[in-house]
């Protein structure tokens, strides 16, 4: 059984931008993709996902159009804007630096860095 994990503040926006960068996608599919790729560790409730999508759209990082889904229902499909792609690159680089630094700290031995 996989344990679900709470995302650090600001991480959800980065993950949404990454999923949307792969191509136009609707909100429910974003949540499914995050859960699937993370092997059920990242589970984003609708009450967090949709406000984040609206926030990203209002900031000009995403744009959206209403289209029919594979099931014939209409849904809002999100796409990354040029500004969103730049933001994704900046945030991803920052995340990589932070996780590398945290990794170094966690690998410290009692006598200091290994």
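What follows is calculated from the coordinates using simple rules that are stated; it is not laboratory data. Because the structure is predicted, anything quoted here is derived from the model rather than measured. Every residue, glycine among them, receives a Cβ derived from its backbone with ideal geometry; neighbour counts consider all protein chains shown.
Taking the Cα atoms only, what angle lies between the long axis of helix 11-21 and the longest principal axis of the chain, rounded to 10 degrees? Once rounded, the angle reads 50 degrees.
In percent, rounded to a whole number, the relative contact order of segment 11-106 is 30, using alpha-carbon pairs under 8 Å and six or more apart. What the Cβ-Cβ distance of residue 79 and residue 101 gives, at R0 = 41 Å and to the nearest 0.05, is a FRET efficiency of 0.80. For 105, 30, 16, the sequence from fewest to most other C-beta atoms within 10 Å is 105, 30, 16. Using only the alpha-carbon atoms, how far is helix 46-58 inclined from the longest principal axis of the chain? Give it as 0 to 90 degrees, nearest 10. That works out to roughly 80 degrees. Given R0 = 25 Å, the distance between the Cβ atoms of residue 54 and residue 93 translates into a calculated FRET efficiency of 0.45. The Rg/Rh ratio for segment 11-106, using Cα coordinates for both the radius of gyration and the Kirkwood hydrodynamic radius, is 1.01.
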